[in-house]
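Computed from the coordinates by the stated procedures, all read-outs in this text should not be read as laboratory data. Quick caveat, the model's predicted, so the values are computed rather than measured. Neighbour counts are summed over all protein chains in view; Cβ atoms, including those assigned to glycine, are modelled from backbone coordinates with ideal geometry.
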Amino acid sequence: MPGNIPPNPEPVPGTAPEIAIELAGVNKWYGTFHVLKDISLSVRSGEKVVICGPSGSGKSTVVRCINRLEQHQEGIIRVDGIELTNDPKSVTAIRSEVGMVFQQFNLFPHLTVLENLTLGPVKARGLSKSEAEAKAMHYLERVHIPDQARKRPGQLSGGQQQRVAIARSLCMEPKVLLFDEPTSALDPEMISEVLDVMAELAVEGMTMVVVTHEMGFARKVADQMVFMDAGEIVEQGPPEEFFGAPRSPRCQKFLSQILQH
Amino acid sequence: MKKTLILLLPLLALAGCSSSSTWGWYVINPMTSSGWVNVKFLISGMGDTILISVIAAVISIALGLVVALPGLAQSRGWRMVNRVYVELVRSIPLLPMLFWVFYGLPIIFREMGMNVPIDPFWGAIITLALSDSAFTAEIYRAGIQSIAKGQTEAAQTIGLNYLQTMRYVILPQAIRRILPPLANQFIYIVKMSAFASVIGMQELTRRANELVVSEYRPLEIYTLLILEYLVLVLIISAGVRWLERRMGSDERG
């Protein structure tokens, strides 16, 4: 990856499978409101973690803390061996390893799809325009919409926009992709086209942390399920166990509500 | 009673059109030599009105951005600077501010040992620019703040720094929302430039006043004056609409 900031300190070689993301004792408050309570979670390289839970449980906040869109106040967050601190260098280094897909897509409406994809590689990574465009077209093909490259985001459907947003993250060649409720703003008929792309990425070995209510997707793709409620991780485990025999009553209740329909 | 009177006024004026004693268009009839001299005298104020307005607008647009940026800062102190400036300047009526700048400011300069004479031309420009800058500052601030936070976040996740985020993501979107109201603000400046007449600036309004004193035909002369402003403002409005169309089309597309 040209122009990429080398991870510091170097991840210890030979410790396979490598830990991609590590959260240890992470706490966060909004004023006096305790949003994240002692969150500990580790994600191995190539692993897919699905976080679910009722709204307001702090699952989005966890994901947003990993790339410093929100600041945690206590505990340790490490991505690819780099510790996230108040040092802007660590923030930059971690953001260059971590891609993010938002609920509201957050595409740049004044730029074409292609320009949305090349902005980061050209301005932040110093790639030439033609290199960046070749890369952009490659990833647009991977999300199955190369024919939309010259359009503006506003001309695309929600599902297409979210796939462009995924391609935009992939253009930065991240080691980890975070998804913050990627299908929650979509019309029902567009959800599957986005989930399909995500499932393909999963098969290709991308490390993924996904906040979602799509339990069908979770069952199929997740290596690890995390259930959060009221700012804490209530239950955690492989999907067979998680869906088959949830231990905590809160998790049982949540699953029965969400799987009913 | 008062309302009826106001409603009757245009009717009276219309009725007066038929009577030659009400309207004396001869005073500004370009077909007669004396009328033509008067018309030329009135219209030649256009240059100063436009010049004052344009210079004041340019200063106000620059000053407004300088005032707006602290209003967008994280720090409470900087935001306070912005609030105090905007609230203070916005609450001073234009005419008192004009008197203060024209008659008062030179005294302050003299006290500070500087000899800065303020002539009517620059007195008017400084006042108009100051007064308008509070509004342009708010336009900038609102425009930049109207861009959703998700845009900044998305820019951060693809590795852009603060300046790159502003330059490539936020400002190109905000400018579409900022420019039309800024252009609109120009209409305000053009109309308010009439106040420059009271400190002796020979622009449109001053010339009309002077001619009224010598010709004693206020109805005709002020009617022409109003038409002069109307033409100016209509031209600017057309420009604003053109700008809005141009700016709006991209975002929807």
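Residues of the stretch A:167-179 include none that is more than 14 Å from chain B (Cβ to nearest Cβ) and surrounded by 20 or more Cβ atoms within 10 Å (Cβ to Cβ).
Looking across the stretch A:79-101, the residues that are of a type outside the set (A, V, I, L, M) and under 19 Å from A:Glu173 (Cβ atoms) come down to A:Asp80, A:Gly81, A:Thr92, A:Arg95, A:Ser96, A:Glu97, A:Gly99.
Residues considered: A:Val113, A:Val143, A:Val101. Of these, the only one that is more than 8 Å from chain B (Cβ to nearest Cβ), among the β-branched types (Val, Ile, Thr) and touching a strand residue (DSSP E or B) at 6+ places or on another chain (Cβ under 9 Å) is A:Val101. Meeting the requirement of 1 or more residues that are more than 24 Å from the chain's Cα centre (by Cα) and of a type in the set (D, E, K, R), the helices (runs of 4 or more DSSP H) wholly within the stretch B:68-128 are B:76-91, B:105-111. Selection of helices (runs of 4 or more DSSP H) fully inside the stretch B:136-240 by the criterion of at least 1 residues being away from chain A (no Cβ under 14 Å) and within 30 Å of B:Ile28 (Cβ to Cβ) returns B:171-192, B:204-215.
When A:Leu84 is tested against (1) among the hydrophobic types (A, V, I, L, M, F, W, C); (2) within 14 Å of another protein chain (Cβ to nearest Cβ); (3) closer than 23 Å to A:Ala218 by Cα, just one condition goes unmet, and that condition is (3). Of the conditions (1) more than 10 Å from chain B (Cβ to nearest Cβ); (2) under 26 Å from A:His213 (Cβ atoms); (3) crowded, with 21+ Cβ neighbours inside 10 Å, A:Ser55 fails just one. Which one is it? (3) is the only condition that A:Ser55 fails.
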